[in-house]
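Input: a single structure, listed below in structure tokens.
The values are calculated or read from the model by the stated rules, or taken from the named source; none is laboratory data. None of these values were measured; they are calculated from a predicted model. Here the Cβ positions follow ideal geometry from the backbone for every residue, glycine too, while neighbour counts run over all protein chains shown.
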Amino acid sequence: MRPVTDPAGTSPAGGSAAQAPGVPAAVAAGGPRRTRGALPGILTAAAALLTVAALLAAAATAVFGNDGPGSILDRETLVIGVKPDQPGLGVRRADGRYEGFDVDVATEVARRIGAADVRFVTALSSTRQSLIETGRVDMVVATYTITPENRAKVTFAGPYYVAHQDTLVRGGDRAVTNVRDLKGRRLCQAAGSNSWRRVAEERRVAVELVPASSYGDCLAKLRAGTVDAVSTDDLILAGFAAEAGSEVRIVNAPFTDERLGIGMRKGDLDGCEAVNRAITAMYQDGTAERLLRKWFGTSGLDLTFTVPQFEGCD
Amino acid sequence: MTLAQAHRTPPDPAGPAAPPGPPGPAPRPYRARSVPGRIRLVTAVSVLALTVLFGTLFTAAQSVREGLDVIGHDAGPQVVATADLYFALSDMDAQVANVLLIGDEHRLGKGRARALEIYERRRSDAGRAVLQASALAGDDPSERRTVQAVLDGLGRYERLAARALLLDEQAGHPAGPPPAPVLEVYRRATDLMRLELLPMAYNLTLESGTVVRRAHAERSLSVRAGQALTGAAGAAAVGCLVWLQVFLARRFRRVFNPALLVATAIAGMYALTGVTVLGNEARVLEAAKRDGFDSVLTLARARAVGSSMHGDQSRWLLDPERADTYEQTYLDKAQSVLYTPAGHLAAYQKAVAGKADDGPSAFLGLVGQAAARTDLPGSGPAVADVLDRYRDFQQADRRMRELGPRRAVEQRMTRLEAEFERYDAALVKLAELHRASFAGEIRGGEEQIRELWFLLPVAMASTAVLIAAGVRPRLSEYR
């Protein structure tokens with residue numbers, strides 16, 4: 001070791017021992033003779049430092065990870081909101097169990113994303129958004145249409161099916177091939193539904209509106225001959241058509257697209273992507289086709305058995 | 001001066017611990033043992049902290065490089081390429097519709113030959129894009145199945161399209177809807193395309209986009225963690241070195257130890273630089289993902305949807321019985337490009353005409369998203385241009401739907417075609433702007449990390465030597 005005085009010492013390569021003048025330089029030759037057991041101390045310090053590092057890394061993960069309130073992928077029991085009163089899609093039976101296409105889709109998706117257990121609860125059109133936002137349900141599969149407004153509040157996977165507004169007429173009525181042919185006919189106007197507007201107002205088809213209390217009532221009126229057509233979501237029509245058999249006929253001239261999505265907490269991208277993969281797999285292995293046939297197969301509706309175009313999770 | 005030396009030198013004196021024997025020449029055994037011991041301990045801890053510091057910087061810099069690679073050179077551009085698959089497919093179907101619509105009047109608009117030529121070109125584009133998608137799919141079985149399904153479907157589509165074109169040529173009809181047998185075959189073709197192939201192609205892009213998102217999220221996380229750890233290790237190292245400095249100054253009655261001082265300065269500066277650069281890089285990664293990848297992908301999707309809308313205009317003219325369906329799908333796509341609430345097309349077009357002047361913030365949808373996401377220099381006018389062109393395109397569409405059947409076909413093939421091309425060109429220009437800024441971000445990020453990387457060994461070696469130089473003479477006083 002050269003006793004060089006280099007207080008400036010800015011050049012790292014040239015940096016070496018600097019000593020105050022007047023102090024004799026110690027001889028540096030030879031290895032250490034006597035050393036105290038410094039090793040345990042170093043080990044302790046190393047352990048401490050590593051612990052700190054690990055803690056920091058964990059803290060960083062917690063701070064910078066994007067899943068604040070958690071993802072649907074982390075749930076032991078997945079709570080899923082479904083419709084209680086939509087024939088073929090989601091119906092709450094007398095024993096409290098739910099059944100329908102939506103319920104089956106939800107069960108399949110839950111299984112495929114690895115949820116150990118599933119619990120269904122009622123989600124109405126008026127409550128489903130707040131159910132998601134407050135975290136009372138993890139996922140909603142309840143004829144929830146993906147729209148830009150909805151997407152601002154909720155993250156949607158899917159659509160798992162694209163439904164369309166279509167028209168139901170009596171089985172013998174062959175003259176109606178699309179919505180325009182309803183001109184001059186009697187269209188059922190179900191209370192609380194806007195579907196008639198799409199015909200009478202948006203497409204300005206001159207129909208005669210006949211009020212009814214519900215779509216069930218509409219079906220009865222159609223069979224009785226007091227209305228000529230019922231127009232709403234084709235999956236709802238298919239539920240009725242399956243019930244009424246050849247007495248009624250779906251026109252199969254869709255004129256809207258209703259993308260039925262699976263809603264979850266806004267920002268759960270991991271969950272959304274996993275659900276999309278589950279939906280893709282359901283279509284690829286034929287599960288989706290089986291479920292669609294199970295619930296709507298006898299209705300005469302043209303069903304689509306290939307995977308719908310997803311909306312994207314972001 | 002080697003790295004190995006840097007690691008080896010400091011612990012060396014403390015190395016193979018001799019049994020704690022009787023004190024040597026020092027008159028007060030306790031102090032004599034404890035002082036060098038403490039010096040060694042603190043030195044070792046400093047060196048350890050520095051090792052952690054440099055190690056973290058090394059791995060964090062590695063993460064940054066990988067992150068930039070994934071987004072900038074690897075998966076990112078490939079994902080955007082799969083968006084071109086959708087574009088190529090939907091334009092194929094649009095061109096078939098055009099040919100059928102033109103019928104015998106071969107010179108209408110750009111003419112039949114031109115439409116067929118574009119069809120061929122898109123077909124080869126689609127083939128290329130399928131290859132890209134297949135490369136991206138890698139070992140993922142589900143994605144591979146999708147790619148395979150697209151490939152099979154494309155074959156079926158081409159057969160149906162060829163039949164429709166042949167039937168149409170044999171039938172011979174004036175511009176407008178073709179005879180029913182032609183229409184029937186075309187319906188099967190377009191249903192296959194619109195209901196099966198296009199959704200699959202679109203989903204492929206989304207799915208491979210998730211790969212980029214996840215890779216990006218992981219890298220960002222490790223860069224952020226690396227930044228925190230660098231800060232902590234840097235603080236620990238500087239703390240230890242300062243403590244050593246103070247300890248040595250008191251014990252040996254010196255004002256300061258220059259070598260240690262320089263080592264402290266270097267460690268401090270490097271830690272600070274590291275924290276700053278990593279912070280910058282995290283931001284660069286973020287910006288490259290948002291302004292570059294996301295925006296470019298969004299605009300590629302907007303462009304693909306646009307071509308599909310243009311096809312819907314032809315289909316609307318081609319198949320009067322399904323006109324309502326095609327008008328609806330057109331509106332639906334229009335709303336996904338630029339959203340404004342409207343129940344039917346006329347209302348939508350009125351809203352677009354009125355609202356385009358309010359600026360992009362008034363809109364949701366793909367173009368609205370891309371516009372809201374960014375404040376790139378020069379993007380303002382480019383976005384405004386896209387909106388203007390889009391509005392003109394919608395106006396031309398309105399006109400077409402209001403004209404009589406014959407004039408409507410002419411409108412579609414001339415004026416509307418021109419408006420569409422202008423709109424499409426404006427989109428491409430905006431995407432180009434993003435692509436350029438994206439490339440710039442990536443380049444800048446890579447340069448910074450290269451500098452950090454280059455200085456890393458120098459800093460490591462110099463601090464090691466300086467610490468050794470500062471501590472060894474003190475220790476040797478105890479021999």
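Scanning the stretch B:74-88 for residues that are in contact (Cβ under 8 Å) with a residue 40 or more places away in the chain and more than 13 Å from B:ILE118 (Cβ to Cβ) returns B:ALA75, B:GLY76, B:GLN78, B:VAL79, B:VAL80, B:ALA81, B:THR82, B:ALA83, B:ASP84, B:LEU85, B:TYR86.
Taking the conditions exactly as written (surrounded by 24 or more Cβ atoms within 10 Å (Cβ to Cβ) and either within 14 Å of chain B (Cβ to nearest Cβ) or out of contact with any Pro (no Cβ under 7 Å at 6 or more places or on another chain) (or both)), does A:ASN276 satisfy them or not? Let's see the steps before the verdict.
Working: surrounded by 24 or more Cβ atoms within 10 Å (Cβ to Cβ): yes; either within 14 Å of chain B (Cβ to nearest Cβ) or out of contact with any Pro (no Cβ under 7 Å at 6 or more places or on another chain) (or both): yes.
It is true that A:ASN276 is surrounded by 24 or more Cβ atoms within 10 Å (Cβ to Cβ) and either within 14 Å of chain B (Cβ to nearest Cβ) or out of contact with any Pro (no Cβ under 7 Å at 6 or more places or on another chain) (or both).
Do we find a residue being among the hydroxyl-bearing types (Ser, Thr, Tyr), in the same structural domain as A:LEU237 (by TED's automatic domain parsing) and surrounded by fewer than 17 Cβ atoms within 10 Å (Cβ to Cβ) anywhere in the stretch A:193-200? Looking through the stretch A:193-200, none of the residues is among the hydroxyl-bearing types (Ser, Thr, Tyr), in the same structural domain as A:LEU237 (by TED's automatic domain parsing) and surrounded by fewer than 17 Cβ atoms within 10 Å (Cβ to Cβ). Residues in the stretch A:234-259 that are under 25 Å from A:LYS153 (Cβ atoms) and away from every other protein chain (no Cβ under 14 Å): A:LEU235, A:ILE236. Specify the residue that is farthest from the chain's Cα centre (by Cα); the eligible residues are those in the stretch B:183-198 that are under 18 Å from A:PRO254 (Cα atoms) and free of Cβ contacts under 8 Å to residues at least 40 places away in the same chain. For the stretch B:183-198, the residue satisfying everything is B:GLU184. Each residue in the stretch B:436-479 was checked for being in a helix (DSSP H, G or I), modelled with pLDDT under 85 and of a type in the set (Lys, Arg), and 2 of them qualify. The listed residues are A:ALA229, A:ALA274, and the only one of them that is in the same structural domain as A:ALA142 (by TED's automatic domain parsing), in contact with a helix residue (DSSP H, G or I) (Cβ under 7 Å, 6 or more places away or on another chain) and touching a residue at least 24 places away in the same chain (Cβ under 8 Å) turns out to be A:ALA274. Among the residues here, B:ARG188 does not qualify as farther than 30 Å from B:ARG407 by Cβ and either charged (D, E, K, R) or assigned to a loop (DSSP other than H, G, I, E, B) (or both). Flag set for B:GLU477, criterion: within 14 Å of chain A (Cβ to nearest Cβ), over 30 Å from B:LYS289 (Cα atoms) and of a type in the set (Asp, Glu).
Just a yes or no: is a residue in the stretch B:157-173 within 24 Å of B:ARG322 (Cβ to Cβ), out of contact with any strand residue (DSSP E or B) (no Cβ under 8 Å at 6 or more places or on another chain) and not in a helix (DSSP H, G or I)? Within the stretch B:157-173, one or more residues are within 24 Å of B:ARG322 (Cβ to Cβ), out of contact with any strand residue (DSSP E or B) (no Cβ under 8 Å at 6 or more places or on another chain) and not in a helix (DSSP H, G or I).
In the stretch A:81-110, the residues that are touching a residue at least 24 places away in the same chain (Cβ under 8 Å) reach residues that are acidic (Asp, Glu) with C-beta atoms within less than 7 angstrom, at least six apart or across chains, in these pairs: A:VAL82/A:ASP102; A:LYS83/A:ASP102; A:LEU89/A:ASP102; A:GLY90/A:ASP102.
Name the residue that is surrounded by the most Cβ atoms within 10 Å (Cβ to Cβ), counting only residues in the stretch A:280-304 that are more than 9 Å from chain B (Cβ to nearest Cβ) and among the hydrophobic types (A, V, I, L, M, F, W, C).
Ranking the candidates gives A:ALA288 first.
Answer yes if at least one residue in the stretch B:216-224 is closer than 27 Å to A:THR280 by Cα and touching a Leu at 6+ places or on another chain (Cβ under 9 Å), and no otherwise. Yes: one or more hits.
The rows are residues; the columns are (1) out of contact with any helix residue (DSSP H, G or I) (no Cβ under 6 Å at 6 or more places or on another chain); (2) among the basic types (Lys, Arg); (3) within 14 Å of chain B (Cβ to nearest Cβ); (4) without any contact (Cβ under 8 Å) to a residue 24 or more places away in the chain.
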{"site": "A:VAL176", "(1), (2), (3), (4)": "yes, no, yes, no"}
{"site": "A:CYS188", "(1), (2), (3), (4)": "no, no, no, no"}
{"site": "A:GLY192", "(1), (2), (3), (4)": "yes, no, no, yes"}
{"site": "A:SER195", "(1), (2), (3), (4)": "yes, no, yes, no"}
{"site": "A:GLU202", "(1), (2), (3), (4)": "yes, no, yes, yes"}
{"site": "A:PRO211", "(1), (2), (3), (4)": "yes, no, no, yes"}
{"site": "A:SER214", "(1), (2), (3), (4)": "yes, no, no, no"}
{"site": "A:LEU222", "(1), (2), (3), (4)": "yes, no, no, no"}
{"site": "A:GLY225", "(1), (2), (3), (4)": "yes, no, no, no"}
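Of the residues making up the stretch B:136-146, not one is without any contact (Cβ under 8 Å) to a residue 40 or more places away in the chain and surrounded by 20 or more Cβ atoms within 10 Å (Cβ to Cβ). Would you please name the residue that is nearest to A:ILE113 (Cα to Cα), looking only at residues in the stretch A:133-152 that are touching a Leu at 6+ places or on another chain (Cβ under 9 Å) and without any contact (Cβ under 8 Å) to a residue 40 or more places away in the chain? That would be A:ALA152. When each of B:ALA133, B:ALA129, B:ALA149 is tested for being at pLDDT below 90, surrounded by 16 or more Cβ atoms within 10 Å (Cβ to Cβ) and over 30 Å from B:ARG412 (Cβ atoms), the lone residue that passes is B:ALA133. Look at (1) surrounded by 22 or more Cβ atoms within 10 Å (Cβ to Cβ); (2) in contact with a Lys or Arg (Cβ under 8 Å, 6 or more places away or on another chain); (3) of a type in the set (A, V, I, L, M, F, W, C) and you find that B:ALA236 fails only one, number (2).
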